[in-house]
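For reference, the structure is listed below as structure tokens.
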Amino acid sequence: NMKPVTWIPVVWSFICGAIASGAFGWQQIGEIKFWLAVLLTGPLATGTCQMLNDYFDRDLDEINEPNRPIPGGAISLKSATLLIALWSLLSVVVGWLVHPLIALYVVVGIINAHLYSANPIKLKKRLWAGNIIVAVSYLIIPWVAGEIAYRSDFSLHAITPSLIVATLYTIASTGIMIMND
């Protein structure tokens with residue numbers, strides 16, 4: 001069940017990282033790289049992670065939300081698995097097109113989605129760990145991806161000030177998620 005409203009902070013984090021690179025401005029908004037990154041951070045990577053969560057929550061959704069696509073029978077488990085695999089592959093390819101290192105970040109995000117949603121680990125059941133992994137995946141990973149996409153001198157030293165801001169942003173967001181739960 002894709003939720004476009006949840007894509008906004010991920011796209012926003014990418015844009016913050018791109019701006020922090022010092023090489024992103026209004027003129028880059030018209031470039032294909034920018035729009036591929038928006039597609040990646042919104043419906044592709046975030047959508048993949050949402051589909052994974054729906055897949056692993058299908059038993060709970062049969063009780064609480066029986067009209068969702070999987071428990072409601074609108075999509076079979078086989079079709080859901082194929083869609084998740086296709087969306088994952090497409091996310092990695094688009095990440096590679098934006099910058100090869102971003103493809104690795106996409107893989108890390110998909111692994112995080114498994115850690116969050118899948119048994120036996122299922123971090124969503126562990127209040128702090130679940131919220132932290134979501135905040136890191138939704139905020140720090142796309143922020144650093146934005147820097148990678150536009151910064152020519154990418155190094156830990158070069159991005160440290162930006163990483164501090166992104167970390168503070170993530171801590172604040174984690175606090176909001178915990179209070180919201």
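Any read-out appearing in this document is the output of simple, stated calculations on the displayed coordinates, not a laboratory observation. Here the structure is a predicted model, which means the values were calculated and not measured. Here Cβ is always computed from backbone atoms with ideal geometry, including for glycine, and neighbour counts include all displayed protein chains.
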- Message: For the condition in a helix (DSSP H, G or I), among the hydrophobic types (A, V, I, L, M, F, W, C) and more than 25 Å from I140 (Cα to Cα), what is the one hit in L60, L104?
- Response: L60
- Message: Report every pair of residues separated by at least 6 positions or lying on different chains whose Cβ atoms are under 7 Å apart, first residue within segment 111-128 and of a type in the set (S, T, Y), second assigned to a loop (DSSP other than H, G, I, E, B) and surrounded by 15 or more Cβ atoms within 10 Å (Cβ to Cβ).
- Response: S117/D57
- Please tell me if A74 is touching a helix residue (DSSP H, G or I) at 6+ places or on another chain (Cβ under 6 Å), of a type in the set (A, V, I, L, M, F, W, C) and either more than 22 Å from A145 (Cα to Cα) or surrounded by 13 or more Cβ atoms within 10 Å (Cβ to Cβ) (or both). no
- Query: Which ones in segment 32-71 are surrounded by 12 or more Cβ atoms within 10 Å (Cβ to Cβ) and of a type in the set (S, T, N, Q)?
  - Reply: T41, T46, T48, Q50, N53
- Within the set of pairs 6+ apart or on separate chains, which have a first residue in segment 59-81 that is on the phi < 0 side of the Ramachandran plot, a second that is among the polar types (S, T, N, Q) and part of a loop (DSSP other than H, G, I, E, B), and C-beta atoms under 7 Å apart? R68/N1; P69/N1
- Within segment 129-169, which residues are of a type in the set (S, T, N, Q) and surrounded by fewer than 20 Cβ atoms within 10 Å (Cβ to Cβ)? S152, S155, T160, T167
